Amino acid sequence: MEEEPQNLYEIAETVFNDERDGYTEEFEELTEVWGEDLLVLDKAELVEGWRGFGLGPMIAANALRRLAPGCRAVMVHPAPIDTTGMSKDEWARARDRLRELWSTLGFVPYGDTPYMIFATCWADPENRQHALCKASRELSSQWRAARLDG
């Protein structure tokens, strides 16, 4: 792990117990044995022009559906990727929005860490993806209706 980015190293320190050569007790209590691997979504970025349309959660749900089988859990660190020019308040608002987004997919805060976790035994990401797609179709219909009325 020494060659990995710092945030991946910090996640590893959070969930792995060097003394037991496995996961920490907290991690094991939170997740049921439903695979052994841990999937870490390191970065997910949507180009500025596509933000605000609900695409991020749908893309993330699709990634979970494809990548999570066989994994015990998925972890993310919901924080802005590019903090250039952000004040502490702007960063906190962006982080809170990202935490809300990840919670729509079933992620919950992981203890007192900045990370969020989704145990694959909790819910099927495909079910959440269907709900997000339905919401996106409704938003698209509303946009088309408003465009025709305008």
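The values are calculated or read from the model by the stated rules, or taken from the named source; none is laboratory data. This structure is a prediction, so every number in the text was calculated from the model and none was measured. Here Cβ is always computed from backbone atoms with ideal geometry, including for glycine, and neighbour counts include all displayed protein chains. With ligands, DNA and RNA removed, areas are computed over all heavy atoms of the protein, side chains included. Shrake-Rupley method; radii C 1.70, N 1.55, O 1.52, S 1.80 Å.
Which value, in debye to the nearest 20, describes the size of the charge dipole of the range 33-111 about its Cα centre when Lys and Arg Cβ atoms bear +1, Asp and Glu Cβ atoms bear -1, and nothing else is charged? Don't skip to the end; give the middle numbers.
Values: 10 positive and 10 negative charges, 34 e Å.
It comes to approximately 160 debye.
Under a plain spin-label model, where a point goes 7 Å from the Cα along Cα-to-Cβ, how far apart in nm are Arg93 and Ile81?
Rounded to a tenth, the inter-label distance reads 2.2 nm.
Around Phe16, which amide H atoms from residues at least 5 apart in sequence, or from another chain, sit under 5 Å from its own amide H, with H modelled in the peptide plane?
Residues meeting the amide H criterion: Thr24.
What is the gain in length, in nm to one decimal, between Ile59 and Glu29 on full extension, counting 0.36 nm per residue of separation less the C-alpha to C-alpha distance? Before the final figure, lay out each step's value.
Values: separation 30, 0.36 × 30 = 10.80 nm, distance 2.89 nm.
Gain on stretching Ile59 to Glu29: 7.9 nm.
Ordering Met86, Met58, Met116 by how much accessible area each has at a 1.4 Å probe, largest first, what is the list?
So, going from the largest accessible area down, we get Met86, Met58, Met116.
So how far apart, in nm, are the two label points at Ser140 and Ser103 if each is 7 Å from Cα heading toward Cβ?
A separation of 2.8 nm, rounded to one decimal place.
At 7 Å along the Cα-to-beta-carbon direction for both Asn17 and Leu148, put a label point, then send me their distance in nm to one decimal.
Distance between label points: 6.0 nm.
For the range 45-97, build the charge dipole from Cβ charges (+1 Lys, Arg; -1 Asp, Glu) around the Cα centre, then report which of Ala79, Ala92, Met58 sits farthest towards its positive end.
Comparing the listed Cα positions along the dipole, Met58 ranks first.
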